[in-house]
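The values are calculated or read from the model by the stated rules, or taken from the named source; none is laboratory data. This one's a predicted model, so the numbers in the text were calculated from it and none came from an experiment. Here Cβ is always computed from backbone atoms with ideal geometry, including for glycine, and neighbour counts include all displayed protein chains. In case anyone asks, the SASA skips ligands and DNA or RNA and just uses the protein heavy atoms, side chains included. Shrake-Rupley method; radii C 1.70, N 1.55, O 1.52, S 1.80 Å.
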Amino acid sequence: MTGSVNDSTAGAASHGTNTGALWGGRFAGGPSPALAALSKSTHFDWRLAPYDLAGSTAHARVLHGAGLLTDGDLDRLLAGIESLAAKVASGEVVAAESDEDVHGALERLLIEEVGPEVGGRLRAGRSRNDQIATLFKVFLRDHARVVAGQVLDLVDALADQARKHLGDPMPGRTHLQHAQPVLLSHHLLAHAWPLLRDVSRLRDWDARVAVDSPYGAGALAGSSLGLDPEQVARELGFDGSSPNSIDGTAARDFVAELAFVLAMVGVDVSRQAEEVILWATKEFGFVELDDAYSTGSSIMPQKKNPDIAELARGKAGRVIGNLAGLLATLKALPLAYNRDLQEDKEPVFDSVDTLEVLLPAFTGMVATLRFQTERMASLAPQGFSLATDIAEWLVREGVPFREAHEVAGACVRRCEQLGVELDELTDAQFAEVSSHLTPGVRSVLTVEGSIASRSGRGGTAPDRVTEQLAEVRQAIAEHRAWLG
């Protein structure tokens with residue numbers, strides 16, 4: 001009886017009871033099919049395979065540095081990892097149905113490359129817990145840069161359109177009502193600045209992530225094998241390793257923070273999308289969509305639909321949902337690692353994938369928009385949008401703003417009674433409203449005069465918008481320098 005127990009134990013130790021996974025030695029048999037199906041994650045974490053192999057390369061070197069691998073072992077491992085990486089990149093090898101996750105799949109494949117004696121040594125001093133926390137960070141750092149570059153492409157498209165329309169006025173709106181005339185270029189650049197802040201957020205996020213590589217934290221308590229986490233960190237592109245092994249394996253604030261920035265990008269794009277949708281209607285008639293960036297109807301042959309803008313608006317809800325779901329997963333997890341964290345990847349993977357598909361299409365739509373500038377200019381003074389100019393002219397004439405505001409409002413009321421715009425009131429009619437309204441008030445009753453008067457920093461005056469455009473171009477250049 002004792003001999004059979006020993007034989008069984010030896011078989012479990014040498015062959016495992018859970019093929020394709022990194023655990024099983026204390027179990028007499030493998031998991032149930034239901035558990036295996038629930039635990040399986042290779043269908044979404046296989047994309048981390050190149051990052052896992054990069055981590056294995058760095059880990060092999062620190063094992064060698066700690067005297068746990070001979071020179072020959074290291075050479076065989078590095079050659080095997082390099083060969084496996086090429087096969088993964090080409091698609092020659094993929095995870096098997098029996099593999100639980102990317103880590104188990106790659107260990108199995110590496111052992112096929114170099115044999116169990118050498119391949120089985122690589123797991124010493126590391127856990128799936130510190131592996132996944134590190135590799136996830138490296139993956140997200142790479143893709144944050146991809147998204148940042150695509151956001152800058154959109155800002156470039158907005159800046160190009162702004163440069164093209166530097167002198168073209170349009171009705172500025174608040175509450176979607178006519179408010180004051182502005183330059184179209186000023187309005188377009190108002191969409192550029194939030195996107196530039198999003199890129200700044202990505203850079204800030206990356207700087208925080210860069211100082212904290214969890215590799216070497218093990219399952220939660222660190223390693224007793226004399227390994228060098230700082231060396232692994234440097235090799236994987238980090239500035240340093242985690243100062244606390246528990247935090248290193250358990251923290252996912254870096255995922256939530258990136259999910260927020262990606263959601264913010266989605267929201268900022270969605271706000272632009274909403275305006276394109278409105279502007280492309282017959283009622284607005286501000287823009288015409290390029291044929292290559294719009295769609296038709298299956299039944300109404302006249303239709304030209306702003307589908308890219310509508311999809312952008314819809315996908316904003318999707319990336320917001322990813323953030324909300326992720327925060328709900330994280331909100332009550334005790335330290336350190338918990339299997340709930342398997343659910344941290346798919347939401348942010350989806351947000352990354354969503355934006356990487358959406359942004360190029362949206363940028364193409366913006367770059368090819370044709371603005372109906374004559375219509376926009378004709379609407380710029382309507383809706384009594386020059387009333388504020390009257391009030392501010394009165395202030396410059398020495399009238400207190402409280403009184404000037406009332407006088408300008410009375411002018412609007414008089415226009416509504418007569419069915420005319422402000423610039424159509426006669427000198428006599430102005431004088432009837434207030435003795436302060438001399439014929440000099442007409443100097444501000446033009447769209448050009450109104451726009452030119454907004455000459456403070458951040459205003460819509462042509463010189464200020466030209467300066468603003470230069471600032472946008474400079475910010476783009478600085479961010480692209482960070483991207484390299």
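Once you order the gyration tensor axes a ≥ b ≥ c over the Cα atoms, which shape class does region 186-266 get: rounded for a/c under 1.5, otherwise prolate or oblate by comparing a/b with b/c? Taking the square roots of the gyration eigenvalues as a ≥ b ≥ c, region 186-266 is prolate. Taking 20 Å as the straight-line reach from the Cα of LYS345, the lysines in range (excluding those fewer than 8 positions away in the same chain) are LYS40, LYS137, LYS315, LYS331. Taking amide H positions as modeled 1.01 Å from N, with prolines and chain starts lacking one, no residue 5 or more places away or on another chain lies under 5 Å from LEU437. Where a ≥ b ≥ c are the square roots of the eigenvalues of the C-alpha gyration tensor, would you call region 331-484 rounded, which needs a/c under 1.5, or, failing that, prolate if a/b is larger than b/c, or oblate? The shape class here is prolate. Each label was represented as a point 7 Å from its Cα along the Cα-to-Cβ direction; for GLN382 and ALA89 these points are 6.0 nm apart.
Distant-in-sequence amide contacts of LEU69, defined by a placed amide H-H separation under 5 Å and a gap of 5 or more residues or a different chain, comprise HIS64. With θ taken as phi - 60° and the Karplus curve 6.51 cos²θ - 1.76 cosθ + 1.60 applied, the whole-hertz 3J(HN,Hα) list for region 218-234 is x, 5, 5, 10, x, 10, 9, 9, x, 7, 10, x, 5, 5, 4, 4, 4 Hz, x standing for glycine and proline.
Only aspartates and glutamates eight or more places from LYS87 in sequence, or on another chain, were considered; those with a Cα closer than 13 Å are GLU112, GLU113. Given R₀ = 30 Å, FRET efficiency for ALA96-ASP204 by Cβ-Cβ distance, to 0.05? Efficiency computed from Cβ-Cβ geometry: 0.15.
Taking all protein chains in place and a 1.4 Å probe, what share, in percent, of the accessible surface of the chain do carbon and sulfur account for? Within the chain, the accessible surface is 54 percent carbon and sulfur.
Taking Cβ atoms as reference points and 14 Å as the exclusive limit, the residues near ALA233 contribute a net charge of -1, counting Lys and Arg as +1 and Asp and Glu as -1.
When you filter the trypsin sites (Lys or Arg not before Pro) in region 427-465 for DSSP loop state and at most 11 other Cβ atoms inside 10 Å of their Cβ, you are left with ARG457.
Against the set [x] 22.8, 101; [y] 21.6, 68; [z] 31.5, 117, the structure's computed Rg and Dmax of the Cα atoms in Å falls on [z].
Compute the separation of the alpha-carbon centres of region 375-406 and region 221-248 and state it in Å as a whole number. For region 375-406 versus region 221-248, the Cα centre distance is 63 Å.
Just report the Cα centroid separation between region 32-72 and region 84-100, whole Å. Region 32-72 and region 84-100 have Cα centres separated by 12 Å.
Place a +1 charge on the Cβ of each Lys and Arg in the chain and a -1 charge on the Cβ of each Asp and Glu, then give the dipole magnitude about the Cα centre in debye, rounded to the nearest 20.
Its charge dipole is roughly 400 debye.
Annotation: peptides 252-261, 468-477, ranked by per-residue average of other Cβ atoms within 10 Å with the highest first, follow the order 252-261, 468-477. Candidates PHE260, ALA233, PRO306 compared by Cα position along the dipole of the chain: farthest toward the positive end lies PHE260, with charges placed on Cβ. Per-residue 3J(HN,Hα) values for region 428-435, derived from phi via the Karplus relation 6.51 cos²θ - 1.76 cosθ + 1.60 with θ = phi - 60°, read 5, 5, 4, 5, 5, 6, 6, 5 Hz in sequence order (x marks Gly and Pro). Cα centroids of region 303-343 and region 432-484: 38 Å apart.
Think of a 1.4 Å ball rolled over the protein heavy atoms: the chain then has 47 Å² of accessible area per residue. Here is the list for region 25-97: GluC sites (Glu not before Pro) lying in DSSP coil, each with at most 15 other C-beta atoms within 10 angstrom of its C-beta, are GLU92, GLU97. So what's the back-of-envelope 222 nm ellipticity for the chain, counting only DSSP H runs of four-plus at -39500 (n - 2.57) apiece and dividing by all residues, rounded to 500? Helix contribution divided over all residues of the chain: -20500 deg cm²/dmol. Close amide-amide hydrogen proximity is noted between VAL182 and MET170, GLY172, each under 5 Å apart and 5 or more residues distant or on a separate chain (H modeled in the peptide plane; Pro and chain starts excluded). When the chain is described by a simple charge dipole with +1 on each Lys and Arg Cβ and -1 on each Asp and Glu Cβ, the residue from LEU140, VAL276, ALA404 located farthest towards its positive end is ALA404.
When a/c is below 1.5 the answer is rounded, else prolate if a/b is larger than b/c, else oblate, so apply that to region 248-317 with a ≥ b ≥ c taken from the square roots of the Cα gyration tensor eigenvalues. In terms of gyration-tensor shape, prolate.
Restriction of the chymotrypsin sites (Phe, Trp or Tyr not before Pro) in region 380-416 to DSSP coil positions whose beta-carbon has at most 15 other beta-carbons within 10 angstrom yields no sites.
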